[in-house]
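The structure under discussion appears below in the form of structure tokens.
The values are calculated or read from the model by the stated rules, or taken from the named source; none is laboratory data. Everything quoted here is computed from the prediction, not taken from an experiment. FYI the Cβ positions are ideal-geometry reconstructions off the backbone, even for glycines, and counts take in every protein chain you see.
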Amino acid sequence: MSTLDSILRKVENVLAAGSLGAAAFLAILAVILRTFFNELIFWSEEAIIYLVIFSTFLGAVITLRHNEHVNVDVIATFLGDRGKKVMAAIAAVITLVYVGAIGWFAWVLIFEPVSSDTVTPALGLPLWVVTLPLPIGLTLMFVRTVQVLVRLARGHDPYPQAANSLLEAEGGVALAQQQLDDEPRHDERHDRPQGDTR
């Protein structure tokens, strides 16, 4: 499981960051060429949209990995550890059913004849190419949710990477800095022998 997790983590991070970075680069390049050289990349807007969509679906997987999707845990706050694990398992099962069903139909759509016959207006890509992020993202979310259920069944932390979120990392740095600031400052005058007036 750890090997699979490591491979998936690298693939998710590289694809999500790469597609978003490519979209940003293309947008900047298109603006520069249009502004300073009066050149137009006619397909740039369409490509940017598809790249952002791809990064969004991959980003949703990363968000699931860090347990940062929006959730309402009012009931869980009144439960003990066992109750919280049961609620987490129920939520994971519901997520599994949802992404499994939508992911299945997304893969079916990919193999429909209309997905090959229809092409995009600017890039001329088949429809299945630009809709591929949907089944890929949902499939990865399905795998990640299965991992959550396996960890819960084994009594492990279902979201071991949740503590590695940017907000918590920044909060940890801020807390460490505050602890340093709260420490009593060392005054050199206390180390001097009595009578030393330097």
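Of all residues in the range 88-106, those that are under 21 Å from Pro160 (Cα atoms) and surrounded by 15 or more Cβ atoms within 10 Å (Cβ to Cβ) total 6. Sub-6 Å Cβ pairs linking a first residue in the range 87-115 that is closer than 19 Å to Ala153 by Cβ to a second residue that is at pLDDT below 90 and in a loop (DSSP other than H, G, I, E, B), at least 6 apart or interchain, are Ala88/Pro158, ordered by first then second residue. Summed over the range 60-86, the residues that are in a helix (DSSP H, G or I) and either closer than 13 Å to Arg144 by Cβ or modelled with pLDDT of 90 or more (or both) give a count of 6. Of Arg65, Arg34, Arg82, all but one fail to be more than 28 Å from Gly124 (Cα to Cα), out of contact with any His (no Cβ under 6 Å at 6 or more places or on another chain), exposed (fewer than 15 other Cβ atoms within 10 Å of the Cβ) and basic (Lys, Arg); the exception is Arg82.
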